Amino acid sequence: MQLVVTVQTDQRDHARAGMFDGAWWPHSRDVRAELPGLITALSAHLGAILRVGLDQDAWDDIPRSLTIGGRVVHIGWFTASDDTMSVTRGFNDHFMLLVVPPWATAPAAAAAMAMAARTGNRMPAATILAATGTIPEIPDAVPLLAVDAEGQRIQEAEGCAAGPV
């Protein structure tokens, strides 16, 4: 597991400086194997984690809760397929993490995590993953764009011309 967290422990949603508060690169799609390490690491940095929200399409067999470090962590899920997760440590105290797919190469995962954790980043998960070559498994017929940190196209698949997104 690799984790990059950029939040301050007193930061709240209304003070968010970018799209994500950090990023996580799990080794597998097994929630029971991956989540305890993440929650333990986040709890050391942020305090007790009460709930997480996961992208249902990114995980196998999501339980309703897990007991981690003697605490019950409630698990919710959504079907947005957007490679993100939310972490809640208290009422209205939410953090958003980019979740890099387990099949990503180390250089692509490192680049995606750094981009997501950059202060002021406003790029959504799909843009970050496409720009870093960490793309979910999708049909070959879908053209993908690579973009820079400002969202400008730097190249396009299939040899098409570059230009503003």
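What follows is calculated from the coordinates using simple rules that are stated; it is not laboratory data. Bear in mind that the values here come from a model prediction, so they are computed numbers and not experimental data. So basically every Cβ, Gly included, is an ideal-geometry build from the backbone, and we count neighbours across all protein chains shown.
Here are a few things to note about the model shown:
- Extension gain, Thr105 back to Arg29 (0.36 nm per residue minus Cα-Cα distance, nm): 25.8 nm
- Inter-probe distance in nm under a simple model that places probes 7 Å from Cα toward Cβ, at Asp60 and His45: 2.7 nm
- Amide H contacts of Ser65 (H built 1.01 Å from N, under 5 Å, at least 5 apart or other chain): Ile75
- Distance between the 7 Å Cα→Cβ label points at His94 and Ile68: 1.8 nm.
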